Structures are given as C-alpha cells and as structure tokens.
C-alpha cells in the first residue's frame, strides 16, 4: 500500500476507519461553537462558501468543493455566515506516532485541489453502511494526500528502550487481548523480571497498568463514538465485564463510563434531527 500510494516517509502501515458520516444544512449563525475538541479526526466538505474554523486564533475559510482535515484533539471554533450544505466524516487514523505531525504543520490540513470528492456524498447520505473495499482505499488515499506531507521524515521516534518495542506495538494494536507479562516478555525475548524492570525504568509504570490505560482510552472512544452497551464495550476492550470497566475507567477519567457518555458534547456540533431538545445521529447524542 505504501509503495502504491507513493508513501515513502513512513515504513509502517497507515490505516483509516470511518466512525460516522452525514450531511447537514447550515444557516447563517447556525454552526457557531466556541470550543470543539474531538477524540477523532474530522473531515469537512461544503458546497458553498460561508463556513470557517478557527484554531489558535487563525481563521481558515472552508472553500466550497475543497476537503479539510482537522487532527484529533485539536481545539477549534466554528462559524457560518451563509446557507450551505455541509458534509462531515469522523475518522480514526491508525499507525501514526504521537504527536502525529511535524512541528509547523497547518492546524487544518487541506486536500489537494484536484481531489475527487463527489463520491463522498453518497456515503454520507447512507449513514451506518459499511464501506466497500474500493471505497476504503479511496478514503485512505484522500487522507494520505493531506497527511503524508506533514508526517515526520523517517520512522516514529524510538521508544526509550528499543527492546520493549515489540510488546508496546502489540499492546497498542490489540489492547483487548488477554496478554500476560510472560507472553509480552517472550515477545521481546526477555525474562519476566527483566522485562518488568525495563518497562518500569522506561515508563514509570508496570506493563499491566500500561495495558489498562490503553484499554480505558479505547473504551472512551467507543463511549463517545458508538451506542454500544457498556457490557459490549467492556468485552471489546478486554475488560471482561462492566464492573471492571467502571473501576479502571474511574481511575483514568475520574468519572463513570455512563457520566462520560452522558456529558454535554460541547466539543461537537449537532447533526441529524432534533428530538426533545437533543440531536441524535449514528449513536451520538449532542446537546445544543
């Protein structure tokens, strides 16, 4: 995939997953939020001028027919001064380092002017449907066209102890799996005690505690991006049951999974149709 798409800066595989897609009709003053900060990447495409986003005091006008990407966890404001049709995608990108982009990268990434974006309207008009393999490849190519120029040259920064890299990569990719210290140590060709000592020295925590944090982070994403039950999320994240999920989640986020999910979505904008003062779409619940 890297070779076919001309990606030479990153040897590791990059992936993209579509969390949600849709379209909304915006009116002047109808898309005005003082602070948004989402745990996923956001893609915007409008059919007319009038909308803009502001990051760190710099305003970016969203030109009609152009695609824009905002990295996850970026704080930004929105504004709309015209009547337009607004298309959005919520994306999860895998295979990136932390931080994902080089210093000096634009806060809002613009897709190339010749990018073919018309097919995305069909995707957004059918919320919830799975992308075909061809559509997945097209979406990945679009994302890469905007992201790759701002990736660090060369591989992601090395971990403090390179001997731990195989175990770290496995935990990051599959935190839901029932790993044991012995299995992770074997992955790194180390004894159990040596593996644990190296891990503590590098990260000031144990392998088990690190895995819990990864699982809590994935659970937070699923609580915000799906309408799955907490039991299903617990199973998907490797917790086994809701009680264990709740205990670890409180340690990480100082609140219960239910409170985290039900909190006001001041970091998102309303989409879909209004019911009883709330907006619903694709498992998300937003409040104005």
(message) Are there helices (runs of 4 or more DSSP H) fully within the range 113-221 with at least 3 residues that are closer than 28 Å to residue 236 by Cα? List them.
(response) 133-147, 165-173, 181-187, 192-203
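Conditions (1) under 19 Å from residue 168 (Cβ atoms); (2) loosely packed, with under 15 Cβ neighbours inside 10 Å; (3) modelled with pLDDT of 95 or more, marked per residue:
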site	(1), (2), (3)
210	yes, no, no
216	yes, no, no
229	no, yes, no
232	no, yes, no
236	no, no, no
251	no, yes, no
255	no, yes, no
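Can you tell me how many residues in the range 96-112 are in a strand (DSSP E or B) and exposed (fewer than 13 other Cβ atoms within 10 Å of the Cβ)?
Residues that pass the stated criteria total 0.
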(request) Mind listing whichever residues of the range 97-120 are modelled with pLDDT under 80 and under 17 Å from residue 43 (Cα atoms)? (result) 100
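The values are calculated or read from the model by the stated rules, or taken from the named source; none is laboratory data. Given the structure is predicted, the values throughout are model-derived calculations rather than measurements. Glycine gets a Cβ as well: all are built from the backbone with ideal geometry, and neighbour counts include every protein chain shown.
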